[in-house]
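Everything on this sheet refers to the single structure shown next.
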Amino acid sequence: MPHKNTIRYYEPDGYYHVYNRGVEKRKIFLDKNDYSRFVDILEGYLAPKPPPTKQLVRNTPYWRSLLDEGEITLLCYCLMPNHFHLLLRQKSENGVTKFMRRISNAYVRHFNKKYARVGALFQGKFKAVRIDNEAYLLHLSRYIHLNRQEVGPLDNYPYSSYPNFIGKIESEWLNPNEILTYFSTTNHKLTYKNFVESRLNIPTPIDNLTLEQV
């Protein structure tokens with residue numbers, strides 16, 4: 001039976017919470033290099049492309065050449081030892097599927113080669129939930145960032161977009177502004193940082209989704 005959050009059609013200009021975990025809940029990141037490699041793969045797909053040249057066309061990997069500029073926007077993410085969360089907006093109806101197939105394949109190749117293994121790494125097809133209102137979008141971004149509280153402080157974790165949201169770093173391949181525009185930059189009580197950190201150590205379920213499910 002298909003998982004309830006396995007979507008077959010993704011609407012153009014839709015927002016989606018996309019996630020997956022290791023097969024049998026096994027760890028998919030075993031050291032810092034694994035986390036960094038996954039982030040590098042995200043950047044490789046999402047960073048703005050330079051102007052095309054004949055040399056670039058010859059050397060562009062097939063997975064990059066099949067994604068159009070702006071086809072996928074990453075709003076926020078968090079990587080955890082045995083799972084990951086992404087908040088995506090797609091331009092075309094196939095953007096999410098194309099993007100997830102390519103980053104999953106790229107990471108599995110890295111992992112299997114590094115650890116001399118074969119076979120599946122993830123527990124089946126990635127799961128996705130359609131985000132259909134602004135409140136859900138904001139609450140979801142907080143939920144994703146609060147995943148990190150299980151293993152330490154939020155603001156210095158390099159495998160989450162939270163440092164981007166609070167101004168510690170800036171990445172051209174990530175777009176936190178779609179969420180940050182709802183918050184103040186001067187009134188502390190209305191900042192995104194307070195929105196998230198005021199919920200530290202308080203469960204933040206997303207509908208019927210829990211970490212046990214992912």
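For the reader, a short list of remarks on this structure follows.
- Dipole of segment 86-146, positive direction: furthest Cα of Val96, Leu121, His110, with charges on the beta-carbon: His110
- Footprinting exposure proxy ranking of Glu170, Glu71, fewest other C-beta atoms within 10 angstrom first, gives Glu170, Glu71.
- Residue-wise HN-Hα couplings along segment 169-183, as the Karplus relation 6.51 cos²θ - 1.76 cosθ + 1.60 with θ = phi - 60° gives them from phi, are 9, 9, 10, 5, 9, 10, 10, x, 5, 4, 9, 5, 5, 7, 10 Hz; Gly and Pro carry x.
- Residue order for Ser141, Ser92, fewest other beta carbons within 10 angstrom first, comes to Ser92, Ser141.
- Least to most buried among Ser161, Ser171, Ser198 (fewest other Cβ within 10 Å first): Ser198, Ser171, Ser161
- Here the Karplus relation 6.51 cos²θ - 1.76 cosθ + 1.60, evaluated at θ = phi - 60°, turns the backbone of segment 127-139 into coupling constants of 9, 8, 10, 6, 9, 10, 7, 5, 4, 5, 4, 5, 5 Hz, with x for every Gly and Pro.
- With 19 Å as the limit on Cα-Cα distance, the pairs of Lys32/Lys113; Lys98/Lys125; Lys27/Lys127; Lys98/Lys168; Lys25/Lys193 that go past it are Lys98/Lys168; Lys25/Lys193.
Only the coordinates and a few stated rules stand behind these numbers; no lab work does. Just so it is clear, the structure is predicted and the values come from calculations on it, not from any experiment. Every residue, glycine as well, gets a Cβ built from its backbone with ideal geometry; the counts of neighbours run over all protein chains shown.
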